[in-house]
Amino acid sequence: MKVLKALPGKHWLAEYDETNTYDWKDAEQYFSWATTGKVNMAHEAIDRHAEGERANKDALIYFDGTTEQRFTYADMKRLTNKAANVLVDAGVKTGDRIFIFMPRSPELYFALLGALKVGAIVGPLFEAFMEQAVRDRLLDSEAKLLVTTKALLPRVPVGELESLEKVVLVDEDVEESDTLLDFRKAFEQASDVFEPVWLDREDGLILHYTSGSTGKPKGVLHVQNAMIQHLMTGRWVLDLQEDDIYWCTADPGWVTGTSYGIFAPFLNGATNIVVGGRFNPDFWYSVIEKYKVTVWYSAPTAFRMLMGAGADVANHHDLSSLRHVLSVGEPLNPEVIRWGKEAFDQRIHDTWWMTETGAMMICNYKSMDIKPGSMGKPIPGTQAAIIDDQGNELPPFRMGNLALKTPWPSMMRQIWNNPQKYESYFFKGWYVSGDSAYMDDEGYFWFQGRVDDVIMTAGERVGPFEVESRLVEHPAVAEAGVIGKPDPVRGEIIKAFIALRDGYEPTDELKQEIQAFVKEGLAAHAAPREIDFRDKLPKTRSGKIMRRVLKAWELNLETGDLSTMED
Ligand code: 6R9
């Protein structure tokens, strides 16, 4: 087996082993369990560097457009120790579920890593969650402590949450009570010395709630062992090198914001930029310019918004520090890849994975030829396939269920409180993703849609993504969501919901023009028979177009759980 090393001046995985073998045991040498048999994510991510050559290297740089705060690895060790002491004093014990519900700020990162030092299981929540979403998650997980702000506290139904013992407020001037604790005051006074709680590899790490197409959100539990894959994909895929300035735009409420906004960069000892405040194209470009960001991990929805702002905005900034740009969360339209090349002279590298997989699974590497529209190939040490409903592997170019051979290091270990649901993901040695895709004859995977989103029209199977990708190539189209609408003759017809770019009017002529445009580009049967123009499309906070909401609009159905939908 090849040794995976970044050779001087070369990328990790420069010599990508086409046989795709990697023995994950090989990665164990990088963690404390190799010597002690025990481990703690916060130690591996922070303390290990603070005790070595990276002590005075910037670990976290927080910027919200006005204020900047910088913390070295040595600072991070002290500050997360303090947070750990605060939490221990508040009664937190190993294995307790500790939730964090607040906007991005340095304190969020201290609290999260401090909780990990204590061996707690962390549940991060988007700050935009409303009461029902907060209640569901805290109840299901039997959370013991919540870190939040005064502004968000009214959305926490404290009285209904029996297990919740303490609420820690991170604002200034907190009036304390039996349940309310002033974080800043306790933090000031807390010792900055703390011995992390040493854990087993299979002990809990993080609990991310994610919504499916039906039912309440599910708690996906990841364990310490996931760090193996966070570390290695940080090298192989993010290609993190010693001098990199890395920016992941995701919020920790989404798995990308923890696995790649916290774990992968810190495990690799990188300098990690955290940006607070709202999205704004000019502001985002200015962050890249100001900090000379080299590696940038974002999402198609953000790239499309930047694209919508036009090349002018990009051209006002010096973006030449960028050397590696990556995307996750949704299909990356070829149109966006072309734009990335123009706007900042980088090919955007797509990565595919899920909350349930815990880390990247199918990716485009720096050293590999990108096929625009493809998610890439499975990372070393993993195996992906397209299987039919009986679990048989399908040959190249056949559309089917995208599945992963079990296990892999960062695979989810539980659906909280729901073993039956957990079992339902697995079938004949495969984890079945719920995505449909095909593999080409060179082993590249091509996303087609969620299995339940695939459209059957007049006997033809159409992946909505393909149609959406074509639609956004039209100059008038900013965003598009495509669904199958029941039709007595054709089974389903294709219906598109479109948000137009500024300056375009929603006319019938434009509809016809767009229909003709899809026909020319794809096929007659793939052209939407119906088009609705909308100001905005329903999207999750991580930027996924919620086709099930479009479908519910269309069919006058219940929209189901909307807690992950953006405002
Ligand atoms: C990390 C994350 C998972 C679902 C997944 C798929 C979609 C993610 C994608 C992609 C096409 C990609 N998805 N990456 N679709 N191309 N590169 O996104 O986790 O929020 O759990 O979503 O997102 O449908 O099944 P999560």
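Some observations on this one:
- Only one residue of Val328, Leu153, Val197 has its Cα farthest out toward the positive end of the dipole of segment 24-437, where Lys and Arg carry +1 and Asp and Glu -1 on Cβ, and that residue is Val328.
- Look at the Cα gyration tensor of segment 454-555: its axes a ≥ b ≥ c give a/c of at least 1.5 with a/b at or below b/c, and that counts as oblate.
- Listed residue (Leu108, Gly376, Trp247) projecting farthest to the positive dipole end of segment 24-437, Cβ model: Gly376
- Between segment 472-487 and segment 196-252, the Cα center-to-center distance that results, in Å: 33
- Measuring between their Cα centroids, segment 525-547 and segment 415-438 lie 27 Å from each other.
- Ordering Leu471, Pro486, Val451 by the projection of their Cα atoms onto the charge dipole of segment 450-503, which places +1 on the Cβ of Lys and Arg and -1 on the Cβ of Asp and Glu, puts Pro486 at the extreme positive end.
- Across the chain, the relative contact order, built from alpha-carbon pairs under 8 Å that are at least six residues apart, equals 11 percent.
- Note on segment 198-355: with charges restricted to the Cβ of Lys and Arg (+1) and Asp and Glu (-1), its dipole about the Cα centre is near 320 debye.
- At most 12 other Cβ within 10 Å, DSSP loop - trypsin sites (Lys or Arg not before Pro), segment 375-460: Arg398, Lys428
- Computed from point charges on the beta carbon alone (+1 for Lys and Arg, -1 for Asp and Glu), the dipole magnitude for segment 454-555 about its Cα centre is near 580 Debye.
- Magnitude of the charge dipole for the chain, about its Cα centre and with charges confined to Cβ atoms of Lys, Arg (+1) and Asp, Glu (-1), is about 720 debye.
- Inter-part distance where segment 116-131 and segment 373-399 are each reduced to a Cα centre, Å: 34
- With the helix formula -39500 (n - 2.57) applied to DSSP H stretches of n ≥ 4, the chain reaches a computed 222 nm mean residue ellipticity of -7000 deg cm²/dmol.
- Global geometry of segment 55-94, whether rounded, prolate or oblate, following the gyration tensor of its Cα atoms and the 1.5 cut on a/c: oblate
- Pairs with C-alpha atoms separated by more than 19 Å, drawn from the list Lys519/Lys551; Lys511/Lys544; Lys511/Lys536; Lys495/Lys519; Lys38/Lys93; Lys82/Lys290, are Lys519/Lys551; Lys511/Lys544; Lys82/Lys290.
Any read-out appearing in this document is the output of simple, stated calculations on the displayed coordinates, not a laboratory observation. Quantities reported herein were computed from a predicted structural model and do not represent experimental measurements. Backbone-built Cβ (ideal geometry, glycine too); neighbour counts: all protein chains shown.
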